[in-house]
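The values are calculated or read from the model by the stated rules, or taken from the named source; none is laboratory data. Treat the numbers as computed from the prediction; the structure is a model and nothing was measured. Note that each Cβ is placed from the backbone with ideal geometry, even for glycine, and that neighbours are counted across all protein chains shown.
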Amino acid sequence: MNHFLIGFSISSLLRRGSKSFFTIFIFTILIFLLSSILFISNSIKEELFITLKSLPQITVQKLQAGRHKNIEISKVDELLKLNGVQSAIPRVWGYYYFERAGVNFSVVGIDSFDKQYKKSFQQIVKDTDFDELSKNNTMVVGVGVKRVLEENYYKDFFNFVKPNGELKKIKIASTFKGSTSLESNDIILMPKDLVLEIFGMSKDEVTDIVLEVANPKEIQTISKKIKNLFPDTRVINNSDLRVSYQNIFDYKSGMFLALFIVSAFTFFMIVYDKASGLSSEEKREIGILKALGWKIDDILKSKFFEAFIVSFISFLSGIILSLFFVYTLQAPILRDIFIGYSRLKPDFDLPFILDFQTLSLLFFLTIPLYIAAIIIPSWRVASMNADEVMR
Amino acid sequence: MIECKNITKIFNQNRPDEQSALKDISLSFAKGEFIVLKGASGSGKSTLLALIAALSKPTLGEVIVDGKRISKMPDNFTALFRRENIGFIFQKYNLIPTLSTYDNIIVPMIPSNPDEKELDKQVDKLLEMFFITDKKNAIIKNLSGGEQQRVAIARALINNPSIIIADEPTANLDAKLSLDFIDIIKKLKSENRTIIIATHDPLFFDLPFVDRVIELKNGEIVCF
């Protein structure tokens, strides 16, 4: 390694201090934008992936006049009689609108003796005595819910307003963090009888029934059987849910793509501008170097080091800034574009996802292009006669 | 031994602004010779120097140095030839104004990745020779014209060249500095280096150690 050549490249950058600083600044901002967009998108994708994995195989809902209605609990036994159905879990859940905070909570009823349809719930049931919760009118809340309640003066309890206007005071027993932020953010878990009371539901009704089938290949067949058996129901299988989740994400990723293209386009414009020529001072310097016995590849090596130093410093700065912006500051402004600015759900944290593929994509999309943008015009000038360049 | 055989140099050939700088010139320079090329501006002196230093190629004819046809060599070979054989002192010095004296002097040596200690010794010797030791770390743009010229000469000598070419070396110097330069040239001549200087400064024409004065006019030799 020729340390004189590297030293010369570094001194060239320092000599053009303000220009080099400006280039690094602009380059850093562009890498910051590109990487922020990719990081946010990756985080949301990860949330989506985990959510999709935890979806029930079949959900049976009762419909009346095309609207979702509570379903009779007696249907559980009939569903269990169907061949291939491994389990049928009646669910009691609903949305509770907390007016003061302007957010919706998802209130889920849990019976400790029931099989839980989500792995994260199974763990909570294992760790919590739900019979005690029932006796003491207490609940377990997601960390996001706890935060919203605390911001609104409910430190250790919450007063639910029942349909008849009466208040139901439920104490907070503990908090939990789900497998995804989206999940743990707005969920309240409490014994089923308390949920039935808060929502004014009859004891022989549930919100819906989720089924587990022994052979996933039979999901479609069993869905059809249920529809035939109970024509007043809607049978949703996990692939239907996956499509609707995917549609929402595809819509968001369309915006992601638009932003990404704009940032990338700006980057390419700058690169093109750089590639389209050198300043007269830079040309003259190349001419002097040639006249003093530098070969074309010596000049190109020096230019390569210069470009690599600039682009690598910018790359590192852009990535570090972007990691701080996305995962520490939670991507203000950009996050709203992707997730949608909504007060209906409490805020959630973007999970930290940093994969080698994303970093490689960013690296190969920016650094080689910038280096090429420096090398190509330098090569054009260095290929001319030294006398001609210095003229 | 430098030979120029039937050299013609045409700039902007086949264009409306075509200009013939040298017309069928043949010359030869022996090793250790001190030659002064004289002539008015535009007579072709600088063009001839550029061809001898392989900074450009003749339109017709060839330049041969120590048996090597340098005018026919590919670019990378001519660069290497310059690095190993030529010390060029430019009229406007062609220093890098934002680098220090030391950094400017070592520029020709950078691609060879020399031994740092040896290089430092060599630079110190040249700085001493040209009385600019105290300017070693000074930035070029802060030096006077005379100091800059001495840096340019030191840079031309860092590779210990056998051929020294200078284009109007005293054009920007006062009388005292011009005489200092002549002293330096005399010393270099005593080291048996070939020296070719293009100038219209009369100071050089009658120097006792000048071997030949060649006059050019409109791209042609008018007087040996």
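Select from the stretch A:19-33 the residues that are at pLDDT 85 or above and within 14 Å of chain B (Cβ to nearest Cβ) and list them in ascending order. Of everything in the stretch A:19-33, just one residue is at pLDDT 85 or above and within 14 Å of chain B (Cβ to nearest Cβ), namely A:S20. Looking at A:S74, A:S87, A:S106, just one residue is more than 16 Å from A:K227 (Cα to Cα), more than 36 Å from the chain's Cα centre (by Cα) and of a type in the set (S, T, Y), and that residue is A:S74. Whenever a residue of the stretch B:37-63 is away from chain A (no Cβ under 11 Å), its partners that are in a loop (DSSP other than H, G, I, E, B) and buried (at least 24 other Cβ atoms within 10 Å of the Cβ), lying with C-beta atoms within less than 9 angstrom and at least six residues away or across chains, give the pairs B:L37/B:G44; B:V63/B:A54.
With β-branched (V, I, T), surrounded by 14 or more Cβ atoms within 10 Å (Cβ to Cβ) and at pLDDT below 85 as the only criterion, which of A:I353, A:I333 stands out?
A:I353
Would you check if there is a residue in the stretch B:173-185 being of a type outside the set (D, E), under 21 Å from B:I2 (Cα atoms) and out of contact with any His (no Cβ under 9 Å at 6 or more places or on another chain)? If you could, list the steps in order and put the result at the bottom.
At the first step, the residues of the stretch B:173-185 found to be of a type outside the set (D, E) are B:173, B:175-179, B:181-182, B:184-185.
Checking which are under 21 Å from B:I2 (Cα atoms) leaves us with B:185.
Adding the requirement that they be out of contact with any His (no Cβ under 9 Å at 6 or more places or on another chain) leaves B:185.
Checking the stretch B:173-185: at least one residue is of a type outside the set (D, E), under 21 Å from B:I2 (Cα atoms) and out of contact with any His (no Cβ under 9 Å at 6 or more places or on another chain).
Restricting the stretch A:45-59 to residues that are part of a loop (DSSP other than H, G, I, E, B) and more than 18 Å from the chain's Cα centre (by Cα) leaves a set whose member that is surrounded by the most Cβ atoms within 10 Å (Cβ to Cβ) is A:Q57. In the stretch A:293-320, of all residues being of a type outside the set (A, V, I, L, M, F, W, C) and surrounded by fewer than 18 Cβ atoms within 10 Å (Cβ to Cβ), the one that is nearest to the other protein chains (Cβ to nearest Cβ) corresponds to A:D297. Picking from residues in the stretch A:184-238 that are of a type in the set (G, A, S) and surrounded by 15 or more Cβ atoms within 10 Å (Cβ to Cβ), the one that is modelled with the lowest pLDDT is A:S184.
Residue-level check: of (1) touching a residue at least 24 places away in the same chain (Cβ under 8 Å); (2) over 20 Å from A:P368 (Cβ atoms); (3) in a helix (DSSP H, G or I); (4) away from chain B (no Cβ under 14 Å), A:K290 misses just (4).
Restricting B:K125, B:K141 to residues that are surrounded by fewer than 19 Cβ atoms within 10 Å (Cβ to Cβ) and either touching a residue at least 12 places away in the same chain (Cβ under 8 Å) or small (G, A, S) (or both) narrows the list to B:K141.
Results for (1) of a type in the set (D, E, K, R); (2) closer than 28 Å to A:S239 by Cβ; (3) in a strand (DSSP E or B), shown as yes or no for each residue.
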site: A:I6; (1), (2), (3): no, no, no
site: A:I10; (1), (2), (3): no, no, no
site: A:S18; (1), (2), (3): no, no, no
site: A:F25; (1), (2), (3): no, no, no
site: A:K62; (1), (2), (3): yes, yes, yes
site: A:N83; (1), (2), (3): no, yes, no
site: A:P90; (1), (2), (3): no, yes, yes
site: A:G94; (1), (2), (3): no, yes, yes
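Surrounded by 16 or more Cβ atoms within 10 Å (Cβ to Cβ), touching an Asp or Glu at 6+ places or on another chain (Cβ under 9 Å), modelled with pLDDT under 90 and not aromatic (F, W, Y): does that describe A:S41? Considered against the rule, which asks whether it is surrounded by 16 or more Cβ atoms within 10 Å (Cβ to Cβ), touching an Asp or Glu at 6+ places or on another chain (Cβ under 9 Å), modelled with pLDDT under 90 and not aromatic (F, W, Y), A:S41 comes out as no. Residues that are touching a Ser or Thr at 6+ places or on another chain (Cβ under 9 Å), of a type outside the set (S, T, N, Q) and under 30 Å from A:L359 (Cα atoms) within the stretch A:50-74 comprise A:I50, A:K53, listed in sequence order. Within the stretch B:55-106, the residues that satisfy the criterion of being surrounded by 18 or more Cβ atoms within 10 Å (Cβ to Cβ), in contact with a Ser or Thr (Cβ under 8 Å, 6 or more places away or on another chain), closer than 15 Å to B:E3 by Cα and aliphatic (A, V, I, L, M) are B:V63, B:I70.
The set of residues in the stretch B:64-94 being at positive phi and facing chain A (nearest Cβ under 8 Å) consists of B:N94 alone. Suppose we filter the stretch A:355-391 for residues that are of a type in the set (D, E, K, R) and closer than 25 Å to A:S317 by Cβ; how many remain? Number of matching residues: 1. When the stretch B:103-154 is filtered for residues that are touching a Leu at 6+ places or on another chain (Cβ under 8 Å), assigned to a helix (DSSP H, G or I), within 14 Å of chain A (Cβ to nearest Cβ) and of a type outside the set (A, V, I, L, M), the ones remaining, listed by number, are B:N104, B:P108, B:P111, B:Q148.
Based on what the data block shows, is B:S43 more than 26 Å from B:V151 (Cα to Cα) and part of a helix (DSSP H, G or I)?
Details: more than 26 Å from B:V151 (Cα to Cα): yes; part of a helix (DSSP H, G or I): no.
No.
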